[in-house]
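Worksheet: one structure, shown below.
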Amino acid sequence: QVQLVESGGGLVQPGGSLRLSCAASGSMLSINAMGWHRQAPGKQRELVAAITSDGITNYADSVKGRFTISRDNAKNTVYLQMNSLKPEDTAVYYCKARIRRSISSWWEDYWGQGTQVTVSS
């Protein structure tokens, strides 16, 4: 069984920073891309940032220059450093990873349970 466990969400004032972490655990052969999505109340889930296994990154226009995604392949962990946070960044943030569990299986997408980020004064 593969699990993605997020941590690091919370309440922060506008202009502040937070760092999210997401660790993948369980029986896995390999992890391909990892990323963060978010969903605000009444809105669709959207991609925030993604990173490939060799470090190529992709960001939503709304977070470019403020958020940084990184990963530690030895720890099967992806991070999201969020700076200069705005009220419109308020959402539940979900980790996603494309994982191959064994040589006899194919790539599947796994999601974490989500962590709340609230930006408010």
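Details
- Rounded to the nearest 20 debye, the dipole size of the range 55-116 about its Cα centre is 200 debye, using +1 on the Cβ of Lys and Arg and -1 on the Cβ of Asp and Glu.
- Calculated SAXS-style log₁₀ I(q)/I(0) at q = 0.14, 0.22, 0.27, 0.29 Å⁻¹ - the range 21-71, Debye, Cα scatterers: -0.42, -0.88, -1.11, -1.18
- Electrostatic bookkeeping for Q39 treats Lys and Arg as +1 and Asp and Glu as -1; over the other residues with beta carbon under 10 Å from its beta carbon, the sum is +2.
- Backbone phi angles across the range 6-14, fed through the Karplus curve with coefficients 6.51, -1.76 and 1.60 (θ = phi - 60°), yield HN-Hα couplings of 9, 7, x, x, x, 9, 9, 7, x Hz in residue order; Gly and Pro are listed as x.
- Note: relative contact order over the range 3-104, using C-alpha pairs below 8 Å and six or more positions apart, is 37 percent.
- Protein heavy-atom surface of the chain, 1.4 angstrom probe: 47% of the accessible area is carbon and sulfur, with nucleic acids and ligands not counted.
- Accessible area expressed per residue, the range 49-121, with surrounding protein chains retained (probe 1.4 Å, Å²): 53 Å²
- Computed from label points 7 Å out along Cα-Cβ, the spacing between I103 and A60 is 4.0 nm.
The values are calculated or read from the model by the stated rules, or taken from the named source; none is laboratory data. The structure displayed is predicted, hence computed values, not measured ones. For neighbour counting, all protein chains shown are included, and Cβ atoms are generated from backbone atoms with ideal geometry for every residue, glycine included. Ligands, DNA and RNA are stripped out before the accessible areas are found, and what is left, the full protein with its side chains, is counted by its heavy atoms. Shrake-Rupley method; radii C 1.70, N 1.55, O 1.52, S 1.80 Å.
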